[in-house]
Amino acid sequence: GEIREHSEAGCPVGTSLTVDHIFDSVPVRKKFLKSDTTEQGYCLDIMNRIALSYPEIKFRLVNNGREVFHLPAAANTAERISLLLGGDFASQLVPVRGRRGDIVVSGMASTPTLTKSNSRHLSFYVNRRYTHDHLLNHAVMTAYRHLLEAKKYPAAVIFIDLPPAEVDVNVHPAKLEVRFQNPRAVYEAVLEAVVGALAGITPATA
């Protein structure tokens with residue numbers, strides 16, 4: 001914890017974060033960790049979320065000297081999804097775009113031919129911050145109501161951008177939830193954008 005030297009140094013453009021011996025000072029917390037593979041999976045999940053939100057930034061993740069992934073900068077979200085999740089997955093997505101007042105909705109959503117067994121493949125970002133929100137989840141599921149079989153779920157990466165003063169990001173200890181000043185307007189903006197993206201698509205058949 002002691003700064004021994006502060007000086008200029010040549011290095012590549014960008015930001016490097018090194019996490020090492022994180023629980024040395026609080027060993028009791030280390031006892032609650034799961035296997036290395038499981039914990040690495042948690043870290044990778046967080047990196048994937050950040051990478052989806054910032055396609056213009058290159059990401060490289062190294063664990064114990066082994067490169068886990070190396071994502072080049074992408075031109076847009078669709079290209080980043082293709083690099084991160086695979087071209088086959090990306091080819092079954094349609095662009096989502098919409099606006100209601102100051103609320104801008106964008107992203108990608110799956111066609112009815114691509115279904116999942118749960119809602120874990122629905123990702124939401126509010127002002128580029130990953131968030132869990134039942135309201136947003138419900139809006140997307142409502143848009144697919146007549147397109148999917150029962151107990152089937154879509155996949156989507158949805159971005160909601162709105163003035164910072166209209167959303168409270170400090171309602172959850174891990175910053176995974178937000179509170180909207182006008183939740184109904186956000187709900188309707190997302191619903192309209194996804195419905196518009198899916199317009200004319202034939203419902204999935206068994």
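The values are calculated or read from the model by the stated rules, or taken from the named source; none is laboratory data. The model shown is predicted, which means the values in this text are computed figures rather than measured ones. Cβ coordinates were reconstructed from backbone atoms using ideal geometry, including for glycine residues, and neighbour counts include every protein chain displayed. All accessible areas refer to the heavy atoms of the entire protein, side chains included, with ligands and DNA or RNA removed. Shrake-Rupley method; radii C 1.70, N 1.55, O 1.52, S 1.80 Å.
Only loop residues by DSSP count here, and only those with at most 11 other Cβ atoms within 10 Å; note down the trypsin sites (Lys or Arg not before Pro) in segment 15-96 that meet that.
Taking segment 15-96 and a limit of 11 other Cβ atoms within 10 Å, the loop trypsin sites (Lys or Arg not before Pro) found are Lys31, Lys34.
Could you give the distance between the Cα centres of segment 85-101 and segment 107-160, to the whole Å?
When both Cα centres are located, 11 Å separates them.
Using Cα positions and a limit of under 19 Å, work out the lysines in reach of Lys152, with same-chain residues fewer than 8 apart set aside.
Output for Lys152: Lys116.
Please work out the FRET efficiency for the pair Thr113 and Asp45, using the Cβ-Cβ distance as r and a Förster radius of 30 Å; give the result to the nearest 0.05.
Efficiency for this residue pair is about 0.70.
For the chain, give the magnitude of the charge dipole about the Cα centre (Cβ charges: +1 Lys/Arg, -1 Asp/Glu; no others), in debye to the nearest 20.
580
Would you kindly derive the ³J(HN,Hα) couplings of segment 161-174 from the backbone phi angles with the Karplus curve 6.51 cos²θ - 1.76 cosθ + 1.60 (θ = phi - 60°), listing them in order in whole Hz, with x for Gly and Pro?
10, 8, x, x, 5, 9, 9, 9, 9, 10, 9, 9, x, 9
Can you give the longest stretch of the chain with no exposed loop site, where a site means GluC sites (Glu not before Pro) in a DSSP loop (not H, G, I, E or B) with at most 12 other C-beta atoms within 10 Å?
The answer is 57-148.
Divide by every residue of the chain the summed helix terms, -39500 (n - 2.57) for each DSSP H run of at least 4, and state the resulting mean residue ellipticity at 222 nm, rounded to the nearest 500 deg cm²/dmol.
-8500 deg cm²/dmol
Looking at the chain as a GNM with Cα springs under 10 Å, which of Thr115, Thr131, Thr18 has the largest mean-square fluctuation?
Thr18
Can you send over the carbon and sulfur percentage of the accessible area for the chain, probe radius 1.4 Å, protein chains only?
So the carbon and sulfur contribution to the accessible surface is 52 percent.
Roughly what angle does helix 183-198 make with the longest principal axis of the chain, taking Cα atoms, 0 to 90 degrees, to the nearest 10?
Helix 183-198 sits at roughly 70 degrees to that axis.
Can you give the accessible area per residue of the chain, in Å², using a 1.4 Å probe?
66
How far, in nm, would the chain grow between His134 and Val94 when pulled straight, counting 0.36 nm per residue and subtracting the alpha carbon separation?
Extra length available between His134 and Val94 comes to 12.2 nm.
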